Each structure stands twice: as C-alpha cells, then as structure tokens.
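Computed from the coordinates by the stated procedures, all read-outs in this text should not be read as laboratory data. Since the model is a prediction, treat every value here as computed from it, not as a measurement. Note: ideal-geometry Cβ built from the backbone for every residue, glycine included; neighbour counts use all protein chains shown.
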Amino acid sequence: MKTIKRELVLCLTLTAFVFVCALAWGRPFLSAGSGTGMTSAQQQSQTTALFKGTVLRNGEEFLLRDTSGQVLHLDDPQCAEDFEGKAVTITGELDQQKMMIHVERIESATV
C-alpha cells in the first residue's frame, strides 16, 4: 500500500512539474483556443497592423522577431529577402492561428 501511495504522489508531482513548465514555456503547449476566451471567428478575423522587429531567415522561410521577442512567420519570402538581418516595420495582417503575417509592405525601420 505504501508503494502505491508513493508512486501516486510521485506521478502527481511529476505531472504538476510538467504542467508548470508548459505554462512557463508558453504558447507552443497551449492550444489556440484554450484559456483565451476568444471564439474561432474572432481568432480568424484579421486587421491590418504595423509590426516592428528584425527579419530573420530559417532556410527558405523568413521570420520577424518583433520587439517583444515573439517570432512571426512572413508569407512573402521574396519581399522579405532584401531585409534579412535588418530592423523593419511591416504593414500586414496577422493570422493568429498560423502566427503568420500576410505582408502588405516592408520598410526599413527609422532609428
């Protein structure tokens, strides 16, 4: 009986530890709709916005690391290629499910 109790406590402790680590890590472990209180229609709605950050390359794909450190995918690699490694301001729409910016315009950021 003591062995079962010990294993149960160990299992619960390990589960709690993994859960806390997942929360600390953030978005990759949370589903798009959990805990946000937003409906899927609200998540899919897109509005044009400005994004500031640095363009990064990952193979053939281009990403934007914004000023908060969040990484967003860019849907137009040809447009982003000239700005690799540079600070930019991007005008576009954010697809929150894919974490992708549908690029309308990229400009060098003013310093």
query: Among 7-18, 84-95, what's the highest-first ranking by average C-beta atoms within 10 angstrom per residue?
result: 84-95, 7-18
task: Straight distance only, please: which lysines reach the Cα of LYS52 with their own Cα at less than 25 Å, same-chain residues fewer than 8 apart left out?
output: LYS86, LYS98
message: Run the Debye formula on the Cα coordinates of segment 46-108, all scatterers equal and no solvent, and tell me log10 I(q)/I(0) at q = 0.17, 0.21, 0.27, 0.28 1/Å.
response: -0.45, -0.71, -1.24, -1.34
message: Amide H of LEU56 versus every other amide H placed in the peptide plane: which residues, excluding those fewer than 5 positions away on the same chain, fall under 5 Å?
response: LEU63, LEU64, ARG65, GLY85
query: With contacts defined as alpha carbon pairs under 8 Å and 6 or more residues apart, what's the relative contact order of segment 46-108 in percent?
result: 35
query: By how many nm would the segment from GLU93 to LEU56 lengthen if fully extended, with 0.36 nm per residue of separation less the alpha-carbon distance?
result: 11.5 nm
